[in-house]
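Below: one structure, written as structure tokens.
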Amino acid sequence: ARPKGEGLTPYQGKKRCFGEYKCPKCKRKWMSGNSWANMGQECIKCHINVYPHKQRPLEKPDGLDVSDQSKEHPQHLCEKCKVLGYYCRRVQ
């Protein structure tokens, strides 16, 4: 599902947001509190870049999507981290 208009992701802002991903190949689903506009995350199984089909602001988590702060963010799977060359959470 390609978003309408310009860009590869539903969200087109500058800030980090919450994203929901689904691999088109293996149908694996995951969520990330480190989701960015026009940036994907790699599927652990298929090693293909997957763009989020749903994104929403981090400010108002609706219960389910409170990002687990104890979980390590897999930087090697994050396009934003790879492009920056460092942990994307450090972006202000």
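Number of residues in segment 12-43 that are open to solvent by 60 Å² or more (accessible area, probe 1.4 Å) and part of a loop (DSSP other than H, G, I, E, B): the value is 8.
Considering the conditions (1) modelled with pLDDT under 95; (2) in a loop (DSSP other than H, G, I, E, B); (3) open to solvent by 20 Å² or more (accessible area, probe 1.4 Å), Asp65 is excluded by exactly one of them, (3). Applying the criterion of being part of a strand (DSSP E or B) and either modelled with pLDDT under 95 or not aliphatic (A, V, I, L, M) (or both) to the residues of segment 44-62, the residue that is least open to solvent (accessible area, probe 1.4 Å) is Gln55. Among residues of segment 68-92 that are within 15 Å of Met31 (Cβ to Cβ), none has a beta-carbon under 8 Å from a residue that is in a helix (DSSP H, G or I) and modelled with pLDDT under 90 at least six positions away or on a different chain.
The values are calculated or read from the model by the stated rules, or taken from the named source; none is laboratory data. This structure is a prediction, so every number in the text was calculated from the model and none was measured. Backbone-built Cβ (ideal geometry, glycine too); neighbour counts: all protein chains shown. The area values use the complete protein model at the heavy-atom level, side chains included, leaving out ligands, DNA and RNA. Shrake-Rupley method; radii C 1.70, N 1.55, O 1.52, S 1.80 Å.
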